[in-house]
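S.K.: Dropping the structure in here first, questions after.
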Amino acid sequence: MVQKNLIDGEWIAGSEAFRNINPSNTNDVVGEYARASAEDARAAIAAAKAAFPAWSRSGILERHAILRKTADEILARKDELGKLLSREEGKTLAEGIGETVRAGQIFDFFAGECLRLAGEVLPSARPNIGVEITREPVGVVGIITPWNFPIAIPAWKIAPALCYGNTVVFKPAELVPGSSWAIVDILHRAGLPKGVLNLVMGKGSVVGQAMLDSPDIHAITFTGSTGTGKRVALASVEHNRKYQLEMGGKNPFVVLDDADLAVAVEAAVNSAFFSTGQRCTASSRLIVTEGIHDRFVAAMGERMKGLVIDDALKAGTQIGPVVDESQLNQDTDYIAIGRQEGAKLAFGGELLKRDTPGFYLQPALFTEATNAMRISREEIFGPVASVIRVKDYDEALTVANDTPFGLSSGIATTSLKHATHFKRNAEAGMVMVNLPTAGVDFHVPFGGRKGSSHGSREQGRYAAEFYTTVKTAYTLA
Ligand code: NDP
C-alpha cells in the first residue's frame, strides 16, 4: 500500500511513488510513499494559506489538546515507531526509540507552551497611554527536514509552528519518509482542522523548490546541508520571508592533559561515531594536548575495537550502517582524501560485510592530522574522526575555533579554570564540558553560529522567536 501525502485534509496518492529502503538490509523495502509534484506542493501551500485565519484564532485549549494527544500516542507507540525509524535510517534500535521518545517529549512541551502564551503590558513614555506587546503567528510555515533525525527534527519544527497558531507545509527528506508520515497521521487523527498541516513527500529539487519559490510561504525553517541552506536563504530574501537555517558542523572536542582519560574516550567515541557519525553535532576533530595524546590514541583504538557494527535492529548493535550508498561513498572518499593529505589511518575505515546487504563501515580514526587538511575543514557526516595534536590549552582553543562552523564544541578537562574559559571563548552555539558534543535537551535552545546556523534558535521557549511576530499596540486611556 502506498502511503499518501496529506493535502487540505485529504490523503492524496499522486501519480508517482518511491520506495523507502532499509540501509541495514537493502532487500528490505520499508514501504512505498507517494511522491508529490510541484503542483501538489502549490495545492498544499494554498490549503495552508486558506486554513490560517481560523487556526491562528483557534483557542489555546484546542491546540493544547491536539499536541497533547499527539505526544501521548507517540510515547505509547515508541517501540513500534522507534523500530520504523531505525529500519529506515539505520541508527540503532535504542537510538531510534530514544529519538521517538524525544519527539513525544517535544509535543508534550509545546502542548504546555500553548497554555503559557503571554505578552507584556507597560506604561507608555507618554502620559495616559498604555502599551501592549503581543506575539502573533507568522502565517504559513514551510518545514524542510534532513534524513538524520527522521522524527525529532520534524517534531521540533511542527510542534512550535502549530502551538503558536501557524499553518504548515512539511517536506521531509525523501530518504526517510516513514517516521514523518507517521507523525502527520497521528496529528491528523488527533483532530487538526483540514489544511493546518500538509505533508508533501518528494524530491527537494521539485517539492522543496516549489516551496522556496512560493510567495505564500511566510517563513521557512530548514535543517540540512550548507548548499541547500544557501538556496533557502537566497529564495527567502527574494520573497522577503523569515528563514531559519541549521546546517553543518565540524565540531571540535578538546582533550587536555588533565582530563579523566576514561571520560574523554567515552565522550569522544560517542561524539564521533554514535548514530554512525551522522549528527550535525558529531565531533570529527579531536584536539588533544601532547601530554595525553599517546594514551588517548591507544585507549581510543582499544575502545573502537570493541564497537559492534551491525544491523540497526539487531540486539547488541552499537553502530548501525551508513544511511545510503551516496553517503557511504562520501565517507570513503574522505577516508582516501585523508590518507592522500598525509594523515595516518590509525584505525578502521574499511567496508564491512554482515548477514544482510547494507552500508556497513568500520568507524575510522586518523592521527597526525592537521587542522588545515580537508578532513578537518569539511563536514564528512560519517563515522570518521581525526586526532589533531596540540601543545597546550591555548593552542587547543585556537584550533577548535579555527573552522567556518560553530554548532557544538566540547572539552574534556578536570580544570575549572580551563572549563570556565572554554565555555566563555568557544565560538559555538553549544558547549559541552566532559560530555559528548552531541546529545542535547529538548527544553533549551538549540543552534549554532558562523556557518552552522542562521536565524533565531530552535527548541524550548526560544522557538517562539521564529514562529511568532511581535506586535506593539498603543491605547489612549
Ligand atoms: P540536503 O540539504 O540536500 O537535504 C535537506 C533537505 O532539503 C531534504 O529534505 C532535501 O530534499 C531538501 N532539498 C534538497 N534540495 C532542495 C531544494 N533545491 N530546495 C528545497 N529543498 C531542498 O542534505 P542531504 O540530506 O542530501 O545531505 C547532504 C549532506 O548535508 C550530508 O552529507 C551532510 O553533510 C549534510 N547534512 C547536514 C545535516 C545537519 O543536521 N547539519 C543533516 C543532513 C545532512 P530531498 O528529500 O530531495 O533530499
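The values are calculated or read from the model by the stated rules, or taken from the named source; none is laboratory data. Fair warning: this is a prediction, and the values are worked out from it, not measured in the lab. For neighbour counting, all protein chains shown are included, and Cβ atoms are generated from backbone atoms with ideal geometry for every residue, glycine included. These accessible areas exclude ligands, DNA and RNA; they are computed on the full protein's heavy atoms, side chains included. Shrake-Rupley method; radii C 1.70, N 1.55, O 1.52, S 1.80 Å.
S.K.: It is to be established whether one or more residues within segment 199-214 are of a type in the set (S, T, N, Q), within 18 Å of the chain's Cα centre (by Cα) and open to solvent by 10 Å² or more (accessible area, probe 1.4 Å).
M.R.: no
S.K.: Looking at segment 175-189, can you tell me whether even one residue there is away from the ligand (no atom under 13 Å from the Cβ) and outside any helix (DSSP H, G or I)?
M.R.: Looking for residues that are away from the ligand (no atom under 13 Å from the Cβ) and outside any helix (DSSP H, G or I), one finds none in segment 175-189, hence no.
S.K.: Yes or no: segment 220-239 includes at least one residue that is crowded, with 23+ Cβ neighbours inside 10 Å, more than 9 Å from the ligand (Cβ to nearest atom), more than 30 Å from P160 (Cα to Cα) and among the hydroxyl-bearing types (S, T, Y).
M.R.: no
S.K.: Do we find that P160 is outside any strand (DSSP E or B), open to solvent by less than 30 Å² (accessible area, probe 1.4 Å) and within 12 Å of the ligand (Cβ to nearest atom) in this structure?
M.R.: no
S.K.: Here is a list of conditions, (1) in contact with a Pro (Cβ under 9 Å, 6 or more places away or on another chain); (2) part of a helix (DSSP H, G or I), and I287 meets all of them except one; can you say which number that is?
M.R.: Looking at each condition in turn, I287 falls short on (2).
S.K.: Only one of these is of a type outside the set (D, E, K, R), within 7 Å of the ligand (Cβ to nearest atom) and either at positive phi or modelled with pLDDT of 95 or more (or both): M201, M211. Name it.
M.R.: None of the others qualify; the one that does is M211.
S.K.: List every residue pair whose Cβ atoms sit under 9 Å apart, with the two residues 6 or more apart in sequence or on different chains, where the first one lies in segment 226-241 and is closer than 18 Å to K450 by Cβ and of a type in the set (D, E, K, R) and the second, anywhere, is within 7 Å of the ligand (Cβ to nearest atom) and modelled with pLDDT of 95 or more.
M.R.: Partner pairs satisfying both residue conditions: K230/M247.
S.K.: Taking W147, is it within 16 Å of the ligand (Cβ to nearest atom), touching a strand residue (DSSP E or B) at 6+ places or on another chain (Cβ under 9 Å) and modelled with pLDDT of 95 or more?
M.R.: no
S.K.: Out of segment 243-274, which residues are within 19 Å of the chain's Cα centre (by Cα) and open to solvent by 10 Å² or more (accessible area, probe 1.4 Å)?
M.R.: Residues satisfying the conditions are Y243, M247, N270, F274.
S.K.: Within the set of pairs 6+ apart or on separate chains, which have a first residue in segment 368-386 that is more than 18 Å from G301 (Cβ to Cβ), a second that is among the charged types (D, E, K, R) and open to solvent by less than 20 Å² (accessible area, probe 1.4 Å), and C-beta atoms under 7 Å apart?
M.R.: What qualifies is S376/R285; R377/K250; E379/K250; I380/D331; G382/D331.
S.K.: Follow-up question, since we're still on this one. Only residues that are of a type outside the set (D, E, K, R), open to solvent by 30 Å² or more (accessible area, probe 1.4 Å) and in a helix (DSSP H, G or I): list them for segment 30-78, please.
M.R.: A43, A46, A50, F52, P53, A54, I60, L61, H64, A65, L75, A76
Residue by residue, here is whether (1) within 16 Å of the ligand (Cβ to nearest atom); (2) more than 30 Å from F107 (Cβ to Cβ) holds:
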position: D333; (1), (2): yes, yes
position: L351; (1), (2): no, yes
position: T356; (1), (2): no, yes
position: T367; (1), (2): no, yes
position: F381; (1), (2): yes, no
position: I411; (1), (2): no, yes
position: H443; (1), (2): no, no
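S.K.: Among the candidates D441, D394, single out the residue that is of a type in the set (D, E, K, R), closer than 28 Å to K91 by Cβ and open to solvent by 30 Å² or more (accessible area, probe 1.4 Å).
M.R.: That would be D441, the only listed residue that is of a type in the set (D, E, K, R), closer than 28 Å to K91 by Cβ and open to solvent by 30 Å² or more (accessible area, probe 1.4 Å).
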